[in-house]
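Everything on this sheet refers to the single structure shown next.
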Amino acid sequence: MAHQHGASSDSAPPPSTRTRKPHMRMERRRLLTAALGTAAAAMVPLATASPALAAGWQRVPHRGIRPDDPEGRAPLANPRRGFRYEMSYNAIDLTSPWQNEADHSPDAARTLDLLEREYGPGANLTQLYFYLWDFATSTIPQSALDNIESVFRGLRRKGYAAVLRFVYDDGVRENRRYTVQDIQRHIGQLAPLVARNSDVVAVWQAGFLGAWGEWHGSYYRHETYPDAVTAIMTTLVDALPPGMHTQVRYAEKRDMITNKAILDRVGFHNDYVTLGEGEWDYYVPDNPGWPSYLDVTPTRMVDGEMPWDKGQSADPYAWSTVIPGVPAARRLQTLRFDSLSLVHNATVTVPAWKAAELTERQTADALLPVSDGYFRGRDGRLVARTQFEYLRDHLGYRIEVREARYDLSGARGGRIPVEVDVVNRGFAAPKHPRPARLVLLDADGRTAASADTGADWRDWRPQGRAETGDDHSGPKVTTVRGELAVPSGARGRHRLGLALPDPAFPGKGRAVRCANGSVTWVDGVNVLAEMRLGG
């Protein structure tokens with residue numbers, strides 16, 4: 001996340017990963033709205049009648065993504081989940097606070113191009129810091145707000161979303177003497193801007209307080225007073241766009257919030273993921289906050305990063321021991337992580353993950369989810385993945401269609417009943433609301449009919465947590481049901497699909513692609529079956 005260039009001004013909680021920006025390269029891939037592309041998927045399976053179904057119903061089974069599918073080892077880039085990059089701007093002029101980010105451009109799209117080259121493409125999130133040091137005790141000028149909005153536009157051009165944090169103190173310049181009222185005023189200024197751009201904001205972290213917004217070492221120590229914490233967090237949660245969450249770093253800080261009505265929007269970010277090694281990873285079973293982490297993370301956004309390594313930073317908190325991939329996956333899955341930095345520990349741990357094979361047996365033995373066909377070639381033989389691939393593909397949600405069913409006999413009455421079975425093979429449930437919509441496409445790919453199913457995809461829960469006594473037999477199958485109204489005169493070839501669009505930005509927001517090698521992708525629609533209407 002942020003970058004530490006000097007000692008913290010306060011010896012209280014640590015700077016953790018807040019060291020200098022790393023300079024080594026890493027591998028990873030970016031969004032493609034057609035992440036597997038139509039060419040990457042097999043033809044849509046033909047429907048078959050099943051004696052187990054009522055007369056007239058057709059069933060179309062589906063499978064997951066195999067490693068030898070076209071693009072089968074490429075990342076499936078979906079919104080608000082997965083690996084992330086990091087970028088920082090001074091709001092006053094869009095320079096970076098860090099000398100080794102001097103090559104970062106005020107044009108966020110160009111900076112993301114640079115990060116893709118530096119760390120490898122594939123992430124579709126980025127930690128995004130805006131430093132408000134120059135305006136800590138005054139009103140943010142319109143010029144700075146315009147600068148912030150221009151960065152959001154750059155993210156949109158590239159198809160990225162931000163893990164967003166606003167900060168005053170950078171650990172280099174002297175700490176600013178902002179009050180609770182200053183923070184509340186700034187939240188009020190920033191809220192309309194974030195709302196206008198919420199299609200490119202995955203989560204708005206609490207930030208503001210202390211060095212790098214980590215809630216330690218602020219001049220007036222607001223982060224140590226429950227009344228101050230409650231006032232700030234109430235203002236922030238009230239400012240969040242519908243469906244968006246915020247995050248704090250530690251359970252003890254969340255527990256200080258006395259306004260319990262806002263807690264359903266407050267998740268966590270762990271800025272020192274070491275699996276309990278070192279002093280500053282509190283997300284471990286013997287920590288007093290562990291029950292809170294288990295309770296909160298299934299339904300609230302969770303982000304994390306490892307420390308910088310010693311090849312990236314001379315900071316005393318740098319970490320140069322490989323963090324083992326399978327135990328890391330178990331911890332991230334247990335605590336329902338949605339995102340993880342690709343930038344941190346990029347010269348030690350991430351290369352080790354990329355070099356280490358992961359097998360189907362190792363994954364199952366670790367009580368981790370095994371996606372359909374993920375470790376199997378088309379011939380059914382076992383294929384090893386890497387630990388890096390597995391983490392990349394399973395952070396957050398991973399929605400897989402198991403089967404689609406429909407009854408064309410109802411079309412004569414103007415309606416087609418449809419059922420779709422889905423499972424979530426990821427580490428976490430989806431945590432942002434969006435509709436689950438059935439779609440009928442004509443031969444030219446135009447929408448002929450659509451119907452909201454009323455299903456809440458946030459209920460598509462993942463497999464039980466690896467480090468607890470949960471049921472580990474696999475994720476529950478959920479059936480989505482609805483009826484499509486057949487347009488008058490509709491005839492010929494049509495396609496049935498499932499769409500999971502961005503509800504606030506239906507025209508430009510990013511839809512969710514299902515993790516299936518047998519499902520094609522047409523303008524944000526997962527195409528599940530082909531049919532002929534009108535005889």
Report summary line: Per the filter on the range 239-262, residues in a helix (DSSP H, G or I) and either without any contact (Cβ under 8 Å) to a residue 12 or more places away in the chain or under 20 Å from the mean Cα position of the chain (by Cα) (or both) are Lys260, Ala261
Report task. Mind telling me which of the residues Leu155, Leu115, Leu209, Leu132 ends up being under 17 Å from the mean Cα position of the chain (by Cα), touching a residue at least 24 places away in the same chain (Cβ under 8 Å) and crowded, with 20+ Cβ neighbours inside 10 Å? Result -> Leu155
Requested in this report: Answer with yes or no whether Ala328 is touching a residue at least 40 places away in the same chain (Cβ under 8 Å) and in a helix (DSSP H, G or I).
Outcome: yes
Query raised in the report: Just wondering, is there one or more residues in the range 506-513 that are modelled with pLDDT of 90 or more, of a type in the set (Val, Ile, Thr) and over 22 Å from the mean Cα position of the chain (by Cα)?
Result: no
Query raised in the report: Of (1) over 20 Å from Pro501 (Cα atoms); (2) touching a residue at least 12 places away in the same chain (Cβ under 8 Å); (3) in a loop (DSSP other than H, G, I, E, B), Gly426 satisfies all except one. Which?
Result: (1)
Requested in this report: Run down Asp315, Asp303, Asp338, Asp365 and say which single residue is surrounded by fewer than 23 Cβ atoms within 10 Å (Cβ to Cβ) and either under 24 Å from the mean Cα position of the chain (by Cα) or at pLDDT 95 or above (or both).
Outcome: Asp365
Report summary line: Of the residues in the range 510-529 that are aliphatic (A, V, I, L, M) and more than 16 Å from Ala77 (Cβ to Cβ), the one that is surrounded by the fewest Cβ atoms within 10 Å (Cβ to Cβ) is Val522
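Quick check on this structure: which one of Arg461, Arg465 is in contact (Cβ under 8 Å) with a residue 12 or more places away in the chain, touching a Leu at 6+ places or on another chain (Cβ under 9 Å) and either closer than 25 Å to Pro487 by Cα or crowded, with 18+ Cβ neighbours inside 10 Å (or both)?
Matching residue, one of Arg461, Arg465: Arg465.
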Query raised in the report: Is there a residue in the range 372-387 that is assigned by TED's automatic domain parsing to the domain that holds Pro70 and assigned to a loop (DSSP other than H, G, I, E, B)?
Result: no
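Residue-wise test of (1) farther than 24 Å from Gly122 by Cβ; (2) assigned by TED's automatic domain parsing to the domain that holds Ala499; (3) assigned to a loop (DSSP other than H, G, I, E, B).
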| site | (1), (2), (3) |
| --- | --- |
| Pro369 | no, no, yes |
| Arg392 | no, no, no |
| Ser409 | yes, yes, no |
| Val420 | yes, yes, no |
| His432 | no, yes, yes |
| Pro435 | yes, yes, yes |
| Val439 | yes, yes, no |
| Arg461 | yes, yes, yes |
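Within the range 486-496, is there a residue that is of a type outside the set (Lys, Arg), over 20 Å from Gly413 (Cβ atoms) and surrounded by 13 or more Cβ atoms within 10 Å (Cβ to Cβ)?
no
Okay, residues lined up against (1) under 24 Å from the mean Cα position of the chain (by Cα); (2) charged (D, E, K, R); (3) on the phi < 0 side of the Ramachandran plot:
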{"site": "Arg434", "(1), (2), (3)": "yes, yes, yes"}
{"site": "Arg458", "(1), (2), (3)": "yes, yes, yes"}
{"site": "Val477", "(1), (2), (3)": "yes, no, yes"}
{"site": "Val519", "(1), (2), (3)": "yes, no, yes"}
{"site": "Ala529", "(1), (2), (3)": "no, no, yes"}
Query raised in the report: Going by the conditions given, is Asp444 outside the structural domain of Thr299 (by TED's automatic domain parsing), touching a Gly at 6+ places or on another chain (Cβ under 6 Å) and surrounded by fewer than 22 Cβ atoms within 10 Å (Cβ to Cβ)?
Result: no
Query - Matching residues in the range 397-430 - criterion: being under 26 Å from the mean Cα position of the chain (by Cα), more than 20 Å from Arg66 (Cα to Cα) and crowded, with 23+ Cβ neighbours inside 10 Å - result: Val420, Ala428, Pro430
Query raised in the report: Inside the range 282-323, can you point out the residues that are of a type in the set (D, E, K, R), touching a Leu at 6+ places or on another chain (Cβ under 8 Å) and in a loop (DSSP other than H, G, I, E, B)?
Result: Glu305
Report summary line: Residues of the range 263-281 being farther than 30 Å from Gly188 by Cα and either in a helix (DSSP H, G or I) or within 22 Å of the chain's Cα centre (by Cα) (or both), in sequence order, are Tyr272, Val273, Thr274, Leu275, Asp281
Report task. Filter the range 46-71 down to the residues that are assigned to a loop (DSSP other than H, G, I, E, B) and among the small types (Gly, Ala, Ser), then identify the one that is modelled with the lowest pLDDT. Result -> Ser50
Query raised in the report: Just wondering, is there one or more residues in the range 348-358 that are in contact with a Pro (Cβ under 7 Å, 6 or more places away or on another chain) and either of a type outside the set (Asp, Glu) or at negative phi (or both)?
Result: no
Query raised in the report: Quick one: Asp452 ticks every box in (1) out of contact with any Ser or Thr (no Cβ under 6 Å at 6 or more places or on another chain); (2) over 21 Å from Glu419 (Cα atoms); (3) not aliphatic (A, V, I, L, M) bar one, so which box is it?
Result: (2)
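Between Val370, Val383, which is over 15 Å from Gly325 (Cβ atoms), surrounded by fewer than 21 Cβ atoms within 10 Å (Cβ to Cβ), in contact (Cβ under 8 Å) with a residue 24 or more places away in the chain and under 22 Å from the mean Cα position of the chain (by Cα)?
Val370
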Report task. Could you pull out every one of the strands (runs of 3 or more DSSP E) wholly within the range 472-535 that has 1 or more residues that are out of contact with any Lys or Arg (no Cβ under 9 Å at 6 or more places or on another chain) and assigned by TED's automatic domain parsing to the domain that holds Val422? Result -> 478-485, 492-499
Report summary line: Filtering the range 282-340 down to residues that are within 23 Å of Ala428 (Cα to Cα) and among the acidic types (Asp, Glu) yields Asp286, Asp295, Asp303, Glu305, Asp338
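The values are calculated or read from the model by the stated rules, or taken from the named source; none is laboratory data. Not measured: the values here are computed from a predicted model. Please note: Cβ atoms are built from the backbone with ideal geometry, for glycine as well, and neighbour counts cover all protein chains shown.
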